1. Restricting to the range 331-356, name every residue that is farther than 15 Å from CYS282 by Cβ, of a type outside the set (Ser, Thr, Tyr) and exposed (fewer than 11 other Cβ atoms within 10 Å of the Cβ).
2. Among what's in the range 2-17 and is open to solvent by less than 80 Å² (accessible area, probe 1.4 Å) and under 35 Å from the mean Cα position of the chain (by Cα), pick the residue that is farthest from LYS133 (Cα to Cα).
3. For ALA15, only one of the following conditions fails: (1) over 30 Å from LEU354 (Cα atoms); (2) at pLDDT below 90. What is its number?
4. Confirm whether ILE175 is surrounded by 24 or more Cβ atoms within 10 Å (Cβ to Cβ), closer than 15 Å to GLY139 by Cβ, out of contact with any helix residue (DSSP H, G or I) (no Cβ under 8 Å at 6 or more places or on another chain) and without any contact (Cβ under 8 Å) to a residue 60 or more places away in the chain.
5. When the residues of the range 31-72 are narrowed to those that are hydrophobic (A, V, I, L, M, F, W, C) and modelled with pLDDT under 90, which ends up most open to solvent (accessible area, probe 1.4 Å)?
6. Under 7 Å between Cβ atoms, which residue pairs at least 6 apart in sequence (or on different chains) link something in the range 296-309 that is in contact (Cβ under 8 Å) with a residue 12 or more places away in the chain with a partner that is open to solvent by less than 100 Å² (accessible area, probe 1.4 Å)?
7. Which residue, of TYR317, TYR307, is farther than 21 Å from GLN9 by Cβ, modelled with pLDDT under 85 and open to solvent by 100 Å² or more (accessible area, probe 1.4 Å)?
Amino acid sequence: MSYKTLDPQDFLVSADTITAPCWTNYANPILTLFTSSAQQSGTSGNYYLNVYNVNPSTNTSAEIQFNIAYGNGKGSGSLLYDAGINGLSPSRTVYGQFRNLIYGDENTQFSFSSVTPSQQDFYSITIDRARFKESLFPGSLNLTLYSQSRAITLTDNSLDTTTITYCDAGRVFQIVSGSNGTAISTAASGLGAVSNGMTISGSYGLFLPDIGTIILNAPALDLPFVSGGIALNTLRTSNLNVNNPLRLFSTASSRIGLTTGSVSSSFSLNSNETVTSDFVFCRARNGEFNYTENPSFISGSTGAVLYDLFINSPTTYITTIGMYNNSNELLAVAKLSKPLKKDFTKEALIRVKLDF
């Protein structure tokens, strides 16, 4: 084993951005979605609905892709925690949770552009944390919502806006009718009340890439198709669990037909991740690393080199590089794909990549 102190110029830090589909096995778009009846009937089902890539009832490899929740500032659409305390329910809890997360102010109400300065309810689609990694990739959202034989495709307006808006949750973009980060005009969409991708109720919601969340404007989705909606018919009944998340799942996302617990959908979205790499350039000059301490080279009794050839013309094979700190502690190990022959006639430059 031989050691060599690295110089500052032997180190290089690089950052690469990696974009990939959010869904399991990099499927994009994800075409079939499933829910779990057990989760719906459990306590968590009062707050949100998990959505899987395969049927969790029959397939143990089912993975959560995202969840859907419904928030209402007045607590409508779900059962009250206590019949004697009006307005306190899971839907109000969801509303307050996202309001604090996004705006950082419990007195602020959701707004979907100047058309609707305040909004009392919404649907949220929260991507599973492991799937969106560092953030969602703006411009990659394409969510098609279906109602009978009609459909609208939603995207964020990241490619249309010149100034990025920020909130407590990071960047925020409006969700509009369009595709690949660009809104479509009224003429292109065929929706009479849609202008630059927005309805008379404002935008279709908010795209928050840094927390992996999509907020959908419930009143905009409730509009009839000729007004830019899908006639979702969100139920806002007080003190009654109407399961609005399931309504969005089964009604808005179904395009071919409904089977128990699943829908056929069209939902594409990419994650975005910055991977920082440390490159370490390890140089073996012609006069270095040609000898070895391997016992097969040296006599155990005399310490002499066993073979005369290895005195004047030694040959070694580099197989492993260890990275040590100043305290001689091993921090990382790099293994070569095959042994690298080294003698006085050869020099080697080995690049070691450390990803973080």
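The values are calculated or read from the model by the stated rules, or taken from the named source; none is laboratory data. All values derive from a computational prediction rather than experimental measurement. All Cβ positions, even for glycine, are placed from backbone atoms using ideal geometry, and neighbour counts span all protein chains on display. Heavy atoms of the whole protein, side chains included, go into the accessibility calculation; ligands, DNA and RNA do not. Shrake-Rupley method; radii C 1.70, N 1.55, O 1.52, S 1.80 Å.
1. Correct list: LYS338, ASP355, PHE356.
2. Among those that are open to solvent by less than 80 Å² (accessible area, probe 1.4 Å) and under 35 Å from the mean Cα position of the chain (by Cα), it is ASP10.
3. Here ALA15 clears every test but (1).
4. So ILE175 passes the test.
5. Looking at residues that are hydrophobic (A, V, I, L, M, F, W, C) and modelled with pLDDT under 90, I get LEU31.
6. PHE297/VAL305; PHE297/LEU306; PHE297/PHE310
7. Answer to the selection: TYR307.
The rows are residues; the columns are (1) farther than 24 Å from ILE215 by Cβ; (2) among the small types (Gly, Ala, Ser).
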site: ASP7; (1), (2): yes, no
site: VAL13; (1), (2): yes, no
site: ILE18; (1), (2): yes, no
site: THR43; (1), (2): no, no
site: TYR47; (1), (2): no, no
site: THR60; (1), (2): yes, no
site: ASN72; (1), (2): no, no
site: GLY75; (1), (2): no, yes
